[in-house]
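To start, the structure under review is shown below, and the notes come after it.
The values are calculated or read from the model by the stated rules, or taken from the named source; none is laboratory data. These numbers come from a predicted model, not from an experiment. Cβ placement follows ideal geometry from the backbone for every residue including glycine, while neighbour counts extend to all protein chains displayed.
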Amino acid sequence: MRILVIEDEPMLARHVTRALMRHGHDAVAQHDGAEGLKVALEHPPEIIVLDLNLPSLDGFSLLARLRQSKSPARVLILTARGEVGYRVKGLKAGADDYLAKPFSMEELVARVEALGRRAATPVAADLLDVADLHMDVRNRRVARAGKIIALSPREFDVLQVLVQEPGRVFSRTELCERVWQRDHEYDTRTVEIFITRLRKKVDAGFAEPLIHTIRSVGYTVRAPSRDDP
């Protein structure tokens, strides 16, 4: 996911962005409220981790302007102001979640990823197409260039998540959560196994692959471009 961290403490912002990146997300930081708002509007993230005590533009004002602009970004307020009144004010202003400092980095990552699932899970269409790949979701059939591809139920589920949002990069963790849903049923290495299987079935024999690995980030399905070899 694309995540913008707006936090005026550079060291804390660095720790948060690094933790998010270790979990496969694209995270950047801004330390000024006005600059953070500008980045959020010009390069919309999926999630914003927002401090309240910011220079130039405080977090509540930033959040108000963000909502006035109809930004779809989910917002997690991260602040030392843990009193109930501040939490209520933040949620009423349009925040989606609230985490008080000091906090567990593990909990922060879990909350951010939960917001991502709520924001990004699309309504499943019956028919999905990327280039010459065709998925009939209702009848659970897949074909490429008119040739039927036999997939196991889990292979179909993994491919469906990718094809629903072509071009979007999914981390291993997010794919696991979308497909398996319960923690005890998977580890992230499982995704690598299924991606390997899908490549053999979907891309084998074709000059232009549809399934791509984005190193240290995750996987995506996209139509070949003119720049692809």
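Quick one: GLY90 ticks every box in (1) touching a Leu at 6+ places or on another chain (Cβ under 6 Å); (2) outside any strand (DSSP E or B) bar one, so which box is it?
(1)
Among what's in region 71-97 and is within 19 Å of the chain's Cα centre (by Cα) and farther than 26 Å from MET11 by Cα, pick the residue that is modelled with the lowest pLDDT.
The residue in question is PRO72.
Count, please, the residues in region 45-85 that happen to be within 20 Å of GLY116 (Cβ to Cβ) and free of Cβ contacts under 8 Å to residues at least 12 places away in the same chain.
Qualifying residue count for the region: 1.
Return the residues of region 197-212 that are over 17 Å from ALA150 (Cβ atoms) and outside any loop (DSSP other than H, G, I, E, B); say none if nothing qualifies.
Result: HIS212, single match.
Here's a check for you: in region 98-126, which residue that is buried (at least 17 other Cβ atoms within 10 Å of the Cβ) and modelled with pLDDT of 85 or more is nearest to LEU66 (Cα to Cα)?
First, the residues of region 98-126 that are buried (at least 17 other Cβ atoms within 10 Å of the Cβ): 98-99, 108-109, 111-113, 115-116, 120.
Then keep just the ones that are modelled with pLDDT of 85 or more; that gives 98-99, 108-109, 111-113.
Details: TYR98: 17, LEU99: 19, LEU108: 22, VAL109: 22, ARG111: 20, VAL112: 18, GLU113: 21 Å.
The extreme case among them is TYR98.
Of all residues in region 4-24 being touching a residue at least 60 places away in the same chain (Cβ under 8 Å) and in contact with an Asp or Glu (Cβ under 8 Å, 6 or more places away or on another chain), which is farthest from TYR219 (Cα to Cα)?
GLU7
Considering only region 63-85, how many residues are in a helix (DSSP H, G or I) and within 20 Å of LEU37 (Cβ to Cβ)? Give the steps one after another, and end with the answer.
Within region 63-85, the subset in a helix (DSSP H, G or I) is 63-68, 84-85.
Filter once more, keeping what is within 20 Å of LEU37 (Cβ to Cβ): 63-68.
Looking only at that region, the number is 6.
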